[in-house]
Amino acid sequence: MNLSTDAMAAPAVALHPLLLRLVQETRAALLDAETFEGWVEHPSAAMVVFVEDPERYKETLDLAVIVPISFIVQMLPVSVNGFGVREATFSYYFTRVGLPIESALLVSLVATALVMLFSLTGAAVYVSRGRH
């Protein structure tokens, strides 16, 4: 939603350059306590992204690159369902940005578990419909 270009012209908070570019190029609204209610009442489809301070948590921007790359690499036909390849990719990139391997494995396995869970709910709906 674009509340107004006046509200975006001079953000009250200092934004990371990548976030500032996102706001400027998409003409997105910056939300705070005063503008949130008006934004919620807007009748159009919207997306909210909560972001930590990228200067304080440098991993935030790194993950925005690592996760999509890892999911693309897992599509290589070298293992069953990308197991092993995905974990190795996450581990490699996490150690490159100074994060522990345990975190890499946790992110990879939780993401895989969520995909499987959502797939199983779809399978349950498919089976419950029966053949027509």
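The values are calculated or read from the model by the stated rules, or taken from the named source; none is laboratory data. Computed from a predicted structure; not experimentally measured. So basically every Cβ, Gly included, is an ideal-geometry build from the backbone, and we count neighbours across all protein chains shown.
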Just name the residue that is modelled with the lowest pLDDT out of those in region 80-89 that are on the phi > 0 side of the Ramachandran plot and assigned to a helix (DSSP H, G or I). 81
Looking at 94, 118, can you tell me which residue is over 17 Å from residue 63 (Cα atoms) and among the hydrophobic types (A, V, I, L, M, F, W, C)? 118
Answer yes or no as to whether residue 54 is modelled with pLDDT under 75, surrounded by 11 or more Cβ atoms within 10 Å (Cβ to Cβ) and assigned to a loop (DSSP other than H, G, I, E, B). yes
Filter region 64-84 down to the residues that are crowded, with 19+ Cβ neighbours inside 10 Å and farther than 20 Å from residue 119 by Cα and list them by number. 66
Look at region 57-79 and say how many of its residues are modelled with pLDDT of 70 or more and of a type in the set (Phe, Trp, Tyr). 1
Do the conditions hold for residue 43, that is, is it surrounded by 13 or more Cβ atoms within 10 Å (Cβ to Cβ), at pLDDT below 75 and not aromatic (Phe, Trp, Tyr)? no
